[in-house]
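The values are calculated or read from the model by the stated rules, or taken from the named source; none is laboratory data. On a predicted model such as this, the values are computed, not experimentally measured, just so you know. Glycine gets a Cβ as well: all are built from the backbone with ideal geometry, and neighbour counts include every protein chain shown. For accessibility, only protein heavy atoms count, side chains too; no ligands or nucleic acids. Shrake-Rupley method; radii C 1.70, N 1.55, O 1.52, S 1.80 Å.
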Amino acid sequence: NIVAKAKEKDPSRFVRLQFVALVDLDGLSISTMRRAMGEMEGCMAVLNAFPEILFSVCITNMPRFFAAFWPLIRAFMDESTASKFELYSNPVEGKKRMVELVDKNELASDFGGNGPTTLEMASMNEDNSHKKISRQITKLLTKKLLKSHVDMTFKLERGEAASVRIYSRVSDANQAHAVLSNSNKSEEWTIDLKRNKKEEAAKSFHRDFKTTLHGPGEYIVTVHQKTRQVDYFLVVAEVSNEDTS
């Protein structure tokens, strides 16, 4: 965990994690682009709700037809999010910018760095070394003005296990809590969505349910908030395959 490692060096220091996304569109086809528009809309909704998690997106090898899709993609973003995107059709210029954004010793060799390839990095990902993540379920929940709660449902298959995390930027004045339950409500777990003293106001924070779910089964995440306020909650469930040997 990058944040945990940074705080080990200086526990008194506030650490905020931001992402730099490097994208190579070499070989992208129009048909693939069209199929991906729905997923892109969902990604843009998350970035608009939690803009502080993104530092920059650098896209290189941009094909000519991408220019026709860009206004559609940009329409899903607010101005602060859109300003973080850098587009390069020339791969040399794109990789030059990537080296400026990321330390060359940490940058994948695919992008002109001295690090391992992206495939090698994926296989070495320390976050997945102890539990092989097979899939990730994500859902941005929007708690509307006159609603007191918002929820989502997901399923686990036999042999699957999952941990659930919720990201929020709700203020203490608009306190909220989340409930995780199985479909028949025979088991429930609750977490308060309230930032602690070390978490920066108005910035996103996360809370984890202190349980591991096991399939097969259907589970429900419900966020409750009584105040008349529009708020966003990003639910992330990391699913792994249990060792049945």
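Below, the figures for the structure above:
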read-out	value
So Lys210, is it over 20 Å from the mean Cα position of the chain (by Cα), in a loop (DSSP other than H, G, I, E, B) and free of Cβ contacts under 8 Å to residues at least 60 places away in the same chain	no
Cβ-Cβ under 6 Å pairs, at least 6 apart or on other chains, the stretch 74-87 side over 13 Å from Glu52 (Cα atoms), far side part of a helix (DSSP H, G or I) and of a type in the set (A, V, I, L, M)	Arg74/Ala82; Phe76/Met44; Met77/Met44
Top-ranked residue of the stretch 22-42 - restricted to ones that are part of a loop (DSSP other than H, G, I, E, B) and either open to solvent by 70 Å² or more (accessible area, probe 1.4 Å) or among the small types (Gly, Ala, Ser) (or both), ranked as modelled with the lowest pLDDT	Ala36
Boolean, Glu126 is among the charged types (D, E, K, R), farther than 25 Å from Glu200 by Cα and at pLDDT below 90	yes
Single residue of Phe50, Phe69 found to be of a type in the set (Phe, Trp, Tyr) and within 14 Å of the chain's Cα centre (by Cα)	Phe50
Counted residues, the stretch 9-21 - those being at pLDDT 75 or above and open to solvent by less than 40 Å² (accessible area, probe 1.4 Å)	1
Count of residues meeting criterion [of a type in the set (Lys, Arg) and assigned to a helix (DSSP H, G or I)] in the stretch 65-115	4
Conditions (1) in contact with a strand residue (DSSP E or B) (Cβ under 8 Å, 6 or more places away or on another chain); (2) modelled with pLDDT under 90; (3) not small (Gly, Ala, Ser); number of the one not met by Glu93	(2)
Residue that is surrounded by the most Cβ atoms within 10 Å (Cβ to Cβ), among those in the stretch 202-245 that are over 11 Å from Ala162 (Cβ atoms) and of a type in the set (Phe, Trp, Tyr)	Phe233
